[in-house]
Amino acid sequence: MERDIFKMMEAAIATMQSYIQRGYVLANGLSGGKDSTCVMVLMLEAIRRSAHLFPDRRHYITSADTTIENPVMQNHLHAVLDEVEAYAEGIGLPIEIHSVRPSLASQFVVSTVGRGTLVRTPENGVRDGKRTRACADDWKVRPQGRLRAMLERGAQASGVREIISVIGNRLDESASRSAAMLDRSEQAGIATRQAAGTLSLSPIRDWTADDVWTMLGCLAEPSSLPFESPLAPATITTLSEIYRSGNGGTCGVVLGESGARAACGSRFGCAFCCVSGDRDKSMEFMVQETEHAHLRPLNDFRNYLLAIQWDFSRRELVGRTISKAGFTRIQADTYGWQERVAMLRMLLSIDANERDRAERHSGEVAQGRLPDADHNRNLCDPQFEFVTPQQLVAIDFFLSMHHYAPHAFPALAIWHDVNVLGRRYLIPVIEPMQKTGVTLHGWYPVGQYDRDAPADGLRDYDAEQWNRYLHPNRPGQYARTTGGERTVYFEESAQFEVDAEAACAFVTCSYDTAFMLNTQHHDAIESARYWLNEGVVRLPAGMAQRYQEMAKRGQYFSRLARRMNLTPRELDDYLVSHAISDAAHTAELAGSIAQPDLFSIAA
């Protein structure tokens, strides 16, 4: 039986109108995909029809940028948001558009390369028998939760009854999505209270994929719509082309009511998402097309991450906690130093190669070797940048506290190697290793990082001498952590932050070859102190002691290796051979409780 898409659209619009008339505010989380696009258009029309009731009451469109989204979908999303903003301003629609990012310390390149956090895969994404996505929680749920809390405070202050999240979930998407929606009691006609206490509405809950494509087909032919579309037909065509390219060219592109339709299961997420399993089929299909061939290195890097997940030789052996008895665990844990450096080289090479490609492409268009068409003009600009100067400084701060860092500014030296010296690092094809258990090599005695190679971490004696002259306006010559330890001067903020403007100026202007060569002779910890002392890096409020412990840990093992004249590999072997057994450590503990993980809440 043929479904009347216009009746379904009008029913969704009417439901949202009824809530607006009762004093609620609507907020749509836009991903740029087909479902969220339909919901956004329906919500905008409901707001347009009701705007005269509360002309000063703002509604919201929000989006989340994980910083590693599929570049094609992310660029499309940005274009859609710009188009919607122009539409809203043109007709005086009370709409605010907000975009959120995860905290800097949680962003993929900072967390994975800087802190060594393992990527999420189907194998390590299960906890207590339930599949979890910690990455989605860090990169989308928490940032959007903070934004929603801010918007709700503002809405309550202006007398708004409550904010309703308008989402594009559909029962027809998958069995797992359907089960989750039913468990949350999501409804199309009634806003339901969720576990977090918020209200949500799923206006296309009972729509099929064919219904969604039919509506998009109507948007592609504005004359067939009973209301004005906020999106140009070309925007819908672009969206259809993205889905087609992500489905091997066989996706049903709807360009009107009479257009051909076929199933389209393309799904677009993070460019480096490993949770999708052995393959990212949408990305694999996309890179086969000339227009998206520049994305191939992204899929190669994603496959590399998946292939090395059980290679424990690429892991860190030194534990991140100290037991009450003064021992640290010696066991494969986060990514090790060499692996983090390798990843950074690959990512910086990917970015540099993309800039080179865009320059070549621009020249070919200018010389008439390529048609002067929209898609070719778009490709004249780099389509992505996965390591920004701000992220690079954050990575450098964390790597500077690593015990194997050979000198100050280690991450910037790699940036210089790729972007100034012009070296490029290919992504190797790795044969995946089979999953095995993690071996506990034992426990190594460190005291409080003061046993055999005492460490003072972030304390900077030179800064204590000179800051009174270099920075006379500061409240003190030095700072103390919450634990009372003296450190280099530092500033605090709500989260771990890096001054983006200062980072860009330092990386692109100050850090030249002479600077790089000079800092090769300085201890790595000095650059971590530098970033803090100059206020480029700001620590999360009240967490300075945690960062001091990270610095002491790295400095301790660095000094231990120097004292015993050991290479990194020799130090690992030494720690394994001199660690006591788990049973012996248990006897040492005598029932004591270990300290918290120093890295678990770095942001």
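Among Thr62, Thr66, Thr37, which is part of a helix (DSSP H, G or I) and crowded, with 16+ Cβ neighbours inside 10 Å?
Just a single option satisfies the conditions, and that option is Thr37.
If I filter segment 472-485 down to residues being touching a Phe, Trp or Tyr at 6+ places or on another chain (Cβ under 9 Å) and surrounded by 17 or more Cβ atoms within 10 Å (Cβ to Cβ), which single residue comes out as modelled with the lowest pLDDT?
Tyr478
Can you name the residue in segment 198-210 that is among the hydrophobic types (A, V, I, L, M, F, W, C) and part of a loop (DSSP other than H, G, I, E, B) and is also nearest to Ser185 (Cα to Cα) among such residues?
Out of the qualifying residues, it is Ile204.
How many residues, within segment 153-185, are under 21 Å from Leu44 (Cβ atoms) and acidic (Asp, Glu)?
1
Output the qualifying pairs, or none if there are none: Cβ atoms under 8 angstrom, residues six or more apart or on different chains, first residue in segment 501-522 and closer than 10 Å to Leu412 by Cα, second residue part of a helix (DSSP H, G or I) and among the small types (Gly, Ala, Ser).
Pairs found: Met516/Ala413.
If we scan segment 508-518, do we find a residue that is under 24 Å from the mean Cα position of the chain (by Cα) and assigned by TED's automatic domain parsing to the domain that holds Gln391?
Yes, because at least one residue in segment 508-518 is under 24 Å from the mean Cα position of the chain (by Cα) and assigned by TED's automatic domain parsing to the domain that holds Gln391.
Can you give me the number of residues within segment 137-161 that are under 30 Å from Val275 (Cβ atoms) and touching a residue at least 24 places away in the same chain (Cβ under 8 Å)?
Going through segment 137-161 one residue at a time, the tally reaches 11.
Can we say Trp213 is among the aromatic types (Phe, Trp, Tyr), surrounded by 18 or more Cβ atoms within 10 Å (Cβ to Cβ), assigned to a helix (DSSP H, G or I) and more than 28 Å from the chain's Cα centre (by Cα)?
Taking the combined requirement at face value, the residue satisfies it.
Can you tell me which residue in segment 175-210 is surrounded by the fewest Cβ atoms within 10 Å (Cβ to Cβ), limited to those that are farther than 24 Å from Arg22 by Cα and polar (S, T, N, Q)?
Ser176
Quick check on segment 394-426: of everything there that is crowded, with 21+ Cβ neighbours inside 10 Å and β-branched (Val, Ile, Thr), which residue is nearest to Phe272 (Cα to Cα)?
Ranking the qualifying residues of segment 394-426, first place goes to Ile395.
Return yes or no: is Ala12 among the aliphatic types (A, V, I, L, M), closer than 23 Å to Gln144 by Cβ and either out of contact with any His (no Cβ under 7 Å at 6 or more places or on another chain) or modelled with pLDDT of 95 or more (or both)?
Spelling it out, Ala12 is indeed among the aliphatic types (A, V, I, L, M), closer than 23 Å to Gln144 by Cβ and either out of contact with any His (no Cβ under 7 Å at 6 or more places or on another chain) or modelled with pLDDT of 95 or more (or both).
Run down Tyr461, Tyr425, Tyr444, Tyr449 and say which single residue is in contact with a His (Cβ under 7 Å, 6 or more places away or on another chain), assigned by TED's automatic domain parsing to the domain that holds Val387 and not acidic (Asp, Glu).
Tyr444
Can you tell me which residue within segment 20-29, out of those that are within 34 Å of the chain's Cα centre (by Cα) and either assigned to a helix (DSSP H, G or I) or of a type outside the set (S, T, N, Q) (or both), is surrounded by the most Cβ atoms within 10 Å (Cβ to Cβ)?
Result: Ala27.
Pairs needed: first member in segment 293-315, in contact (Cβ under 8 Å) with a residue 40 or more places away in the chain; second member anywhere, of a type in the set (Gly, Ala, Ser); C-beta distance under 6 Å; at least 6 residues apart or different chains.
Leu298/Ala271; Phe312/Ala332
When you scan segment 425-534 for helices (runs of 4 or more DSSP H) that lie fully inside it, which ones turn up with 2 or more residues that are polar (S, T, N, Q)?
Because the criterion is at least 2 residues that are polar (S, T, N, Q), the helices (runs of 4 or more DSSP H) in segment 425-534 that meet it are 461-470, 513-519, 525-533.
What residue, among those in segment 217-245 that are assigned to a loop (DSSP other than H, G, I, E, B) and small (Gly, Ala, Ser), is surrounded by the most Cβ atoms within 10 Å (Cβ to Cβ)?
Of everything passing the filter in segment 217-245, Ser229 is surrounded by the most Cβ atoms within 10 Å (Cβ to Cβ).
With respect to Ala79, determine if the residue is surrounded by fewer than 21 Cβ atoms within 10 Å (Cβ to Cβ), in a helix (DSSP H, G or I) and not acidic (Asp, Glu).
Against the criterion (surrounded by fewer than 21 Cβ atoms within 10 Å (Cβ to Cβ), in a helix (DSSP H, G or I) and not acidic (Asp, Glu)), Ala79 qualifies.
The values are calculated or read from the model by the stated rules, or taken from the named source; none is laboratory data. None of these values were measured; they are calculated from a predicted model. Methodologically, a virtual Cβ is constructed for each residue, glycine included, from the backbone with ideal geometry; neighbour enumeration extends over all protein chains shown.
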